[in-house]
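Q: My structure is below; once you've seen it, I'll send some questions.
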Amino acid sequence: MDIVQSSRAYFAMPSPTPEEKITLQASNTVYTYHCLCSHLLLATTTPLPALPTRQNSQDKAHIMPLPPATKAASASTTHYGLLLSTRQERTAEILTSDSGFEKRYLQRCGRCNLVVGYQLDWASFGGERTGRRDDVAFLIPGGFMTTSEMINYKRTQAANSSTGTAAPGMSSATAVAA
């Protein structure tokens, strides 16, 4: 498809008025989260600490509703979240505990392969449906950092590398090389 033809309608639109620009700037905040390796993984309109957590699970994972696969999402929803740059396992891991078992489809970081979340199998909920449950993701606490945390960590690392000191709780090559 020719880019000129496909973008013509977009560029023919009038520029937004100053009032419309203010409205666009005041739209919902999007919170972004990164893996511990700094890879962007998650964008959501609800901060992770505000999401409900699993109470009957040892991991206390955050429960994040996912948008429907179809484009017919309602405009009245107050939450919207997307997993970005994650790799979904095709086969389920089965976890056993005193209360039974659970089939989990792991979500891994696309860069470092760290497990950052999972989706459950419909079999865990009873009923007739089978396979991966695609309407919700369970996000493992400790596998994410906010964009501001990542930036502050990188600034600290840069400052420490210029002075030759290590960040608290971290060891650097110069600190270990003694």
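Q: Could you calculate the FRET efficiency of S148 with L114 from 1/(1 + (r/R0)^6), where r is the beta carbon distance between them and R0 is 22 Å, rounded to 0.05?
A: 0.60
Q: For region 94-156, what's the relative contact order in percent, using C-alpha pairs closer than 8 Å and at least 6 residues apart?
A: Relative CO of region 94-156 lands at 23 percent.
Q: Go through region 77-123 and name the trypsin sites (Lys or Arg not before Pro) that are in a DSSP coil and have 10 or fewer other Cβ atoms within 10 Å of their Cβ.
A: R90
Q: Work out, step by step, the length gained on full extension between R87 and S124: first 0.36 nm times the residue separation, then minus their alpha carbon distance; give nm to one decimal.
A: Net length gain for the segment: 11.1 nm.
Q: Could you work out how much longer the chain between S97 and V30 gets when fully extended? Use 0.36 nm per residue separation minus the Cα distance between them, nm to one decimal.
A: Result for the pair: 20.5 nm of gain on full extension.
Q: Further, regarding this structure: Please compute the modelled spin-label separation between T45 and L66, points set 7 Å along Cα→Cβ, answer in nm with one decimal.
A: Calculated label separation equals 1.9 nm.
Just so you know, all these numbers are worked out from the coordinates, no wet-lab data involved. Predicted, not measured: the structure shown is a model, and the values here were computed from it. Glycine also receives a Cβ, built like all others from the backbone with ideal geometry; neighbour counts cover every protein chain displayed.
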